[in-house]
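Here, each number is a calculation from the coordinates, and none is a lab measurement. Bear in mind the structure is a predicted one, so any value in this text is a computation, not a measurement. Note: ideal-geometry Cβ built from the backbone for every residue, glycine included; neighbour counts use all protein chains shown.
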């Protein structure tokens with residue numbers, strides 16, 4: 001199979017898309033875990049190449065401050081993809097975000113996803129309730 005670029009979105013619980021980007025996959029079938037791993041690897045690599053003031057990744061890095069549009073990371077600090085992936089797996093397990101492949105909710109990171117050029121995967125970040 002030739003490489004296929006799929007579209008990934010970060011969304012708020014109300015469905016507002018806050019960030020979208022393409023991810024290239026070379027397999028017709030992948031696990032949700034593999035999609036998550038590839039996403040984290042690519043966003044951490046992009047951050048580490050440029051070290052911008054704000055990290056717009058899926059999960060908050062250690063020692064980073066939450067901002068409206070991402071996470072403020074200490075200047076010059078590089079992120080660790082393995083650490084971010086472990087945080088993402090933990091966040092998924094504890095309902096920190098939902099993962100939707102097309103219109104199907106992913107219940108387990110071992111769920112298989114069929115890769116097509118039309119595939120869009122949404123990561124819906126859930127906001128903890130204050131005082132509840």
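Potential lengthening of the chain between residue 74 and residue 126 amounts to 16.2 nm, from the contour at 0.36 nm per residue minus the alpha-carbon distance.
With the Cα gyration tensor of the chain giving a ≥ b ≥ c as the square roots of its eigenvalues, does the rule (a/c under 1.5 for rounded; else a/b larger than b/c for prolate; else oblate) give rounded, prolate or oblate? Cα axes put the chain in the oblate bin. Under the simplified labelling scheme, the residue 38-residue 65 pair shows an inter-label distance of 3.6 nm, with each label point 7 Å from Cα along Cα→Cβ.
Quick one: compute the contact order of segment 4-125, relative version, from alpha carbon pairs under 8 angstrom and 6+ residues apart, as a percent. It would help to have the intermediate numbers written out before the result.
On the way: 194 pairs, mean separation 45.1, N = 122.
Relative contact order comes out at 37 percent.
Using the average count of surrounding beta-carbon atoms within 10 Å as a protection proxy, the listed peptides 96-105, 32-41 rank, highest first, as 32-41, 96-105.
Taking the Cα of residue 54, stepping 7 Å toward and past its beta carbon, and measuring to each backbone N in segment 93-127: which are under 20 Å? Output list for this probe position: 123-127. Take the Cα radius of gyration of segment 28-93 and divide it by 2.2 N^0.38 Å, N being the number of residues; the result is 1.11.
Fewest first, what order do 107, 10, 80 take by the number of other Cβ atoms within 10 Å? Before the final figure, lay out each step's value.
Working: 107 10, 10 19, 80 13.
In increasing order of surrounding Cβ atoms, one gets 107, 80, 10.
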